[in-house]
């Protein structure tokens, strides 16, 4: 799997979201981020899955010294109302990732996408690129109540990039 530079992926996501949004209207108000219990713990836990999962950045994760670095902004969880953080089995969130290179900084591979993080099995699933697959994958991967957040990207990309830059610097 080849992952395009961040700018290309962001443009693809925006184009795809425009196409998908016309297919199905959503009543969800995406101007307000949904409250996610334990988000402060679940974002970093979800991001660590990418570093261990070798499918997104196979060359980076094979090099244990470097690897992939991600930040995740959760917008939903399963179960929706857990009693404690350990009860959460799935995190739905926007991921911003980059390969770490020798000497610090970002490598050539970047990713920004809505993702499903399976905390039980340590897996991450992304919607596939493509006009015919992206919209159907969003419907398959994200519950109806969260789909608008996956489609609309109501995240503060500047804040996520700052968090990612801080991680890359270490």
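The table below gives the values:
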| quantity | calculated |
| --- | --- |
| When residues of segment 119-135 are limited to those that are touching a strand residue (DSSP E or B) at 6+ places or on another chain (Cβ under 6 Å) and touching a residue at least 24 places away in the same chain (Cβ under 8 Å), the one surrounded by the most Cβ atoms within 10 Å (Cβ to Cβ) | 124 |
| Residue 111 at pLDDT below 85 and surrounded by fewer than 19 Cβ atoms within 10 Å (Cβ to Cβ) | no |
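The values are calculated or read from the model by the stated rules, or taken from the named source; none is laboratory data. No experiment lies behind these values; they were computed from the predicted model shown. Cβ coordinates were reconstructed from backbone atoms using ideal geometry, including for glycine residues, and neighbour counts include every protein chain displayed.
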